[in-house]
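One structure below.
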């Protein structure tokens, strides 16, 4: 370099030669950093999305900046090699040593980052095979959590976060992985409460052969939201979302298709050749089935055109009366008018005494998570309601949510929506939910005939005149048909009625499909904004 710059080589060149040596060291470190950065291009490009692994992106960005800075510095210092100012030469030497130390540190950081993500990618790619061929589920689950140097167990009991649980406690059990975010909107809370009920019933029946483990997938941890959801869970939860390994989170998102909707993934102790399938929590709660998830690849929609027995689904987990006989009549009713409830129960008892027909009553409250029906059932009507099945707040939510689900699935077929008896019944029941009026609906268990249903005052009027349309020796199988006929006659004579249906925003319904089941006129669509019920 001295020759190229035509510098005189003498004893005064010592400082310049030292700086030249420092520049050479820095250039070698710059080349090493560049090679480290280029190694990342050999990895799966999906791992360079900022939301998946920001640490590597940040390291590369910092290394790029200081690499360019060091190259420019080397260039300017090479140009200044001929200077004789000792103070300037010493300052240059200090700057070169500082840059060399910084670039060397970045090289080591990039090498560690590359080694980490290379290992993560290899582990991620191996998860498909491991989940498809494992012989002991606990051996996989142990590797999915970063327990840290303290060695604390990764799980705790949800309702008591002080109770720590090791992965070994899951041995010889069937495990559901409950995967969600931390947002606790009303639908999420209701679904979790419904799942808790299914879980507790399954535990009591199967003697703890099934366990649920909650894995919250979050970008930013919020301890308050985490604790709120954790308090709703009687099963195992991860003690902190941060200990879930990154490659497993990527696997959950890409293979089990987790986005924002809570899912449930059943894992048997031995997989055999069955690949794990994810189910949405919402659909599991609607179906009312939990253990069956281990034997099926999809949840059968709550709409069966061949059977048309939606009542069996609607009452699943709600109707706790005696086992229904073929001839038994089930009466669903609701409303918040205490006087009407008392009058209705009295009239039903009169009908039962006069006809000797078995009528099982099921009281269904509002669809809100708030238990509005509790105050009603604690009133003076409690004694009269003692013989009724009473849906609690979660059971009521399930009832109305299942109705909406049946409607959304059935409305896709215009023939079903307009001509099918079940769809007509569903639309009418949904109109009762929308108006919060007192109402009643009668059906015969195991029958595909239309329900006899109407607003409370209409039902009372028809029942009070039962002697005019029912004969003692008439077959019980015709009771609902006769009742429905009289209800429809009375409704036709009414000059005014006003029913409306509140549908979930996900329901895509053509305007021509919404025909009033009472007057056969086209219903008018209105836009409504509501913050609560």
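What to note about this one:
- Residue 68 being at pLDDT 70 or above and buried (at least 16 other Cβ atoms within 10 Å of the Cβ): no
- Among residues that are in a helix (DSSP H, G or I), loosely packed, with under 14 Cβ neighbours inside 10 Å and at pLDDT 85 or above, residue 99 is not included.
- Qualifying residue in the range 143-162 (condition: assigned to a strand (DSSP E or B), closer than 25 Å to residue 281 by Cα and out of contact with any strand residue (DSSP E or B) (no Cβ under 7 Å at 6 or more places or on another chain)): yes
- Residues of the range 220-242 satisfying the condition of being surrounded by fewer than 16 Cβ atoms within 10 Å (Cβ to Cβ) and farther than 18 Å from residue 191 by Cβ: 220, 221, 222, 223, 224, 227, 242
- Among the residues making up the range 186-202, none is in contact with a strand residue (DSSP E or B) (Cβ under 8 Å, 6 or more places away or on another chain) and surrounded by fewer than 17 Cβ atoms within 10 Å (Cβ to Cβ).
- Residues that are under 25 Å from residue 404 (Cβ atoms), free of Cβ contacts under 8 Å to residues at least 60 places away in the same chain and not in a loop (DSSP other than H, G, I, E, B), drawn from the range 333-367: 360, 361, 362, 363
- Filtered residues of the range 454-484 (kept if without any contact (Cβ under 8 Å) to a residue 60 or more places away in the chain and either assigned to a helix (DSSP H, G or I) or crowded, with 19+ Cβ neighbours inside 10 Å (or both)): 454, 455, 458, 461, 462, 468, 469, 478, 481, 482, 483, 484
- Residues that are modelled with pLDDT of 90 or more and in a strand (DSSP E or B) are absent from the range 191-207 altogether.
- Filtering the range 202-220 to residues that are touching a residue at least 24 places away in the same chain (Cβ under 8 Å) and either more than 13 Å from the chain's Cα centre (by Cα) or in the same structural domain as residue 318 (by TED's automatic domain parsing) (or both) leaves 202, 206, 208, 209, 210, 211, 212, 213, 218, 219.
The values are calculated or read from the model by the stated rules, or taken from the named source; none is laboratory data. Keep in mind it's a predicted model, so treat the numbers as computed, not measured. FYI the Cβ positions are ideal-geometry reconstructions off the backbone, even for glycines, and counts take in every protein chain you see.
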